[in-house]
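Novice: Before I ask anything, here is the structure I am working with.
The values are calculated or read from the model by the stated rules, or taken from the named source; none is laboratory data. Keep in mind it's a predicted model, so treat the numbers as computed, not measured. Because the Cβ atoms are built from the backbone with ideal geometry, glycine has one as well, and the counts that use them run over all protein chains shown.
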Ligand code: WT7
């Protein structure tokens, strides 16, 4: 794929040439009676309606869901502010759970969960299935319990849990009472909890004693306790209540009598009749923190109605979800109803939209798996697909590359014939991994949907539709309904086909972010200032931060970020964030972080550090020790995903005469393209190289 090196604001070049095209399967899979969108003509017709007459298109879609009272207007738009379904009252928890019970589907399966330990239940993994009626009871009781703890509408509840069903219960319970959730991925550090709790002014944290990950225990409660201490001592912020779900039975259990309460006890406090609040379409549904190009993560604001409609519709069309399939006896090519599995963690937007909200509004059961793909062995995911008869499978390119490396023998041991549609998300997928996914997992019969979107977009934006779109390995193909995407220059002019440029979205869409929590200026600067259209202060177009091109057939090819954000294993990190973490260590005076190619992660992290004189390592053993300390420090400040893959010490960072760090040069060093004299010494003088480079360029 094009590396960041090929991207700069001035010249975005694409190096990828891919000519293979795969037509959608002529007939749907035996388990799928029909494709929702079945011809290119109907895609084109619906797409143009959705762009030219969003009122009609989205008004019709929204009516497939439940509203307590109708909207007066579908869209109210003045850049950069959108209101969707203005004045409408609804509740997303109602649409995910209660609606299905009312419609007589209380006994249908809503959620299937599998734990990580392989022998937890009589030599087998532990599995729980919840019907809509069971889920409704648990969610209502927990929501009532939260209310009796004093949680009110509009108050942000922080959630830091492992992948247990109670995480889904907690999220839905928040949605039920209109308390926005802020889910923090369980891999983040206690410092990350501190930052997010403060920013959201949150007083209640829901957590687990621990989480299983590759056979080891991640001590979540310890991190929460440490965060609470820091919050109280250093920031004068008191967390009133920590609700803890006991997953592991950690011994001794970290416990604070004043603050802690068991999840089960909160459930017991609540009434199973706790109603769904009638929320305004624009009431905040959740905050989700993501990295940007400054050191401070930003709380992306999503609201209720538009997010509900777009995640519902994308789930339905992109994965071809169909509830109520007959339950035929399992035979050669007939399967029970659909079972959707997204392997992401609910801590990321993918999990919010495509484990919980989008899938549940479609009344198709969603599978949640607790643990790692290689526990107890590298076949675990395929074992799950086989045993549960998963029909739609959604994962990330980094995982696909890991599976490739582990070898075909693992998937080949299992029956994967239940699979109907395969999805990918998170970063550009290299054509080799795409082909492997298609042939080894999909046996050349499952369409692949490569979905491009972001935390900010809430749901899919560029994606194939499985029954319609011809696919090309590495391309996320065409815009979804309601999405007006284009490749532009900085003046907002559309570029010719095949020219690399800035990806832009020119019209509002229902699940777009409504802001950055508490930071209006940053919202405008980051997303609404890139395109200088007729000198307008606020650009009419949304800028997602990606470079891309459109090929001769109109297919989109994402080339990567053009800002100081890197995408590590499909997880977004700001280079500044990692740099600030490094500089907060005593030994480091200055740091520069760049992305580098990585076989599994896609992009790895390379860090260049200048050290304080009294910390210069005496020999290479001391240098190695310091590198390990720095990596551990970054993990403590941010989380293990931010650990640099490569750390180099340097006397000085290469800078231009005006003092800008020469990141391009650092990237080529990290990639190993630039020869470095005396690479084996502990201190490397890149400034010399920079001078050379500057004189070359000058
Ligand atoms: C960034 C968003 C959407 C959930 C996961 C990541 C990159 C995402 C693709 C794709 C190429 C992709 C973009 C985007 N990205 N999906 N299919 N092809 N790139 O969410 O953390 O908000 O990151 O991930 O660079 O801007 P996120």
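Novice: Just checking, does the stretch 319-335 include any residue being within 16 Å of the ligand (Cβ to nearest atom) and either surrounded by 19 or more Cβ atoms within 10 Å (Cβ to Cβ) or modelled with pLDDT under 95 (or both)?
Specialist: Step one: filter the stretch 319-335 for residues within 16 Å of the ligand (Cβ to nearest atom), giving 319.
Those left that are additionally either surrounded by 19 or more Cβ atoms within 10 Å (Cβ to Cβ) or modelled with pLDDT under 95 (or both): 319.
Yes.
Novice: Tell me yes or no: at least one residue of the stretch 56-63 is more than 29 Å from residue 418 (Cβ to Cβ) and in a strand (DSSP E or B).
Specialist: For the stretch 56-63, residues more than 29 Å from residue 418 (Cβ to Cβ) and in a strand (DSSP E or B): absent.
Novice: Find the helices (runs of 4 or more DSSP H) located wholly in the stretch 352-461 whose residues include 2 or more that are within 16 Å of the ligand (Cβ to nearest atom) and under 23 Å from residue 186 (Cβ atoms), and list them.
Specialist: The helices (runs of 4 or more DSSP H) meeting that bar are 358-361, 397-406.
Novice: Which pairs do you get when a residue that is more than 17 Å from residue 495 (Cα to Cα) and touching a residue at least 40 places away in the same chain (Cβ under 8 Å), found in the stretch 531-545, comes within reach of a residue that is more than 16 Å from the ligand (Cβ to nearest atom) and not in a loop (DSSP other than H, G, I, E, B), reach meaning Cβ atoms under 8 angstrom, with the pair 6+ apart or on two chains?
Specialist: So the pair list comes out as 538/524.
Novice: One residue is enough: does the stretch 500-511 have a residue meeting the conditions in contact (Cβ under 8 Å) with a residue 40 or more places away in the chain, within 11 Å of the ligand (Cβ to nearest atom), on the phi < 0 side of the Ramachandran plot and part of a helix (DSSP H, G or I)?
Specialist: So far as the stretch 500-511 goes, no, none of its residues is in contact (Cβ under 8 Å) with a residue 40 or more places away in the chain, within 11 Å of the ligand (Cβ to nearest atom), on the phi < 0 side of the Ramachandran plot and part of a helix (DSSP H, G or I).
Novice: Show the residue pairs that are 6+ apart or on different chains and have beta-carbon atoms under 6 Å apart, the first residue being within the stretch 436-461 and without any contact (Cβ under 8 Å) to a residue 40 or more places away in the chain and over 15 Å from residue 567 (Cβ atoms), the second being away from the ligand (no atom under 16 Å from the Cβ) and assigned to a loop (DSSP other than H, G, I, E, B).
Specialist: Short answer, once both residue conditions are applied: 440/408.
Novice: Also: When the stretch 464-489 is examined, which residues are found to be at positive phi, within 11 Å of the ligand (Cβ to nearest atom) and assigned to a loop (DSSP other than H, G, I, E, B)?
Specialist: 474
Novice: Still on this structure, I have one more. Taking only pairs six or more apart or across chains, which ones have beta-carbon atoms under 7 Å, a first residue in the stretch 654-674 that is within 14 Å of residue 593 (Cβ to Cβ), and a second residue that is surrounded by fewer than 15 Cβ atoms within 10 Å (Cβ to Cβ)?
Specialist: 662/656
Novice: Follow-up question, since we're still on this one. On the basis of being buried (at least 22 other Cβ atoms within 10 Å of the Cβ) and more than 13 Å from the ligand (Cβ to nearest atom), does residue 583 make the cut?
Specialist: The answer is no for residue 583.
Novice: Is there any pair linking a residue in the stretch 287-299 that is within 11 Å of the ligand (Cβ to nearest atom) to one that is at pLDDT 95 or above and part of a loop (DSSP other than H, G, I, E, B), with Cβ under 6 Å and at least six apart or on different chains, and which?
Specialist: From the stretch 287-299, the pairs are 288/455; 290/455.
Novice: Since residue 140 meets every condition but one in (1) buried (at least 21 other Cβ atoms within 10 Å of the Cβ); (2) touching a helix residue (DSSP H, G or I) at 6+ places or on another chain (Cβ under 6 Å); (3) in a helix (DSSP H, G or I), which condition does it not meet?
Specialist: Among (1) buried (at least 21 other Cβ atoms within 10 Å of the Cβ); (2) touching a helix residue (DSSP H, G or I) at 6+ places or on another chain (Cβ under 6 Å); (3) in a helix (DSSP H, G or I), the lone unmet condition for residue 140 is (2).
Novice: Just checking, which of 518, 595 is more than 27 Å from residue 43 (Cα to Cα), surrounded by fewer than 18 Cβ atoms within 10 Å (Cβ to Cβ) and in contact (Cβ under 8 Å) with a residue 60 or more places away in the chain? Reasoning before the result, please.
Specialist: On the way: 595 fails: surrounded by fewer than 18 Cβ atoms within 10 Å (Cβ to Cβ).
Just a single option satisfies the conditions, and that option is 518.
Novice: Any residue that is touching a residue at least 40 places away in the same chain (Cβ under 8 Å), in a loop (DSSP other than H, G, I, E, B), in contact with a strand residue (DSSP E or B) (Cβ under 7 Å, 6 or more places away or on another chain) and surrounded by fewer than 16 Cβ atoms within 10 Å (Cβ to Cβ) - is there at least one of those in the stretch 69-86? Write out each step before concluding.
Specialist: Of all residues in the stretch 69-86, those touching a residue at least 40 places away in the same chain (Cβ under 8 Å) come to 69, 71, 75, 77, 79-86.
This time we only want the ones that are in a loop (DSSP other than H, G, I, E, B), so: 71, 79-80.
So of that shortlist, the ones also in contact with a strand residue (DSSP E or B) (Cβ under 7 Å, 6 or more places away or on another chain) come out as 71.
Filter once more, keeping what is surrounded by fewer than 16 Cβ atoms within 10 Å (Cβ to Cβ): none.
Checked against the condition, which is being touching a residue at least 40 places away in the same chain (Cβ under 8 Å), in a loop (DSSP other than H, G, I, E, B), in contact with a strand residue (DSSP E or B) (Cβ under 7 Å, 6 or more places away or on another chain) and surrounded by fewer than 16 Cβ atoms within 10 Å (Cβ to Cβ), the stretch 69-86 yields no hits at all.
Novice: Let me ask you something else. Kindly check whether there is at least one residue in the stretch 548-556 that is more than 17 Å from residue 484 (Cβ to Cβ), within 13 Å of the ligand (Cβ to nearest atom) and within 22 Å of the chain's Cα centre (by Cα).
Specialist: no
Novice: Sort out which residues of the stretch 144-160 are assigned to a helix (DSSP H, G or I) and farther than 22 Å from residue 220 by Cβ, and write them in order of number.
Specialist: 144, 147, 148
Novice: Same structure again: Would you mind stating whether residue 291 is within 30 Å of residue 566 (Cβ to Cβ) and touching a strand residue (DSSP E or B) at 6+ places or on another chain (Cβ under 6 Å)?
Specialist: yes
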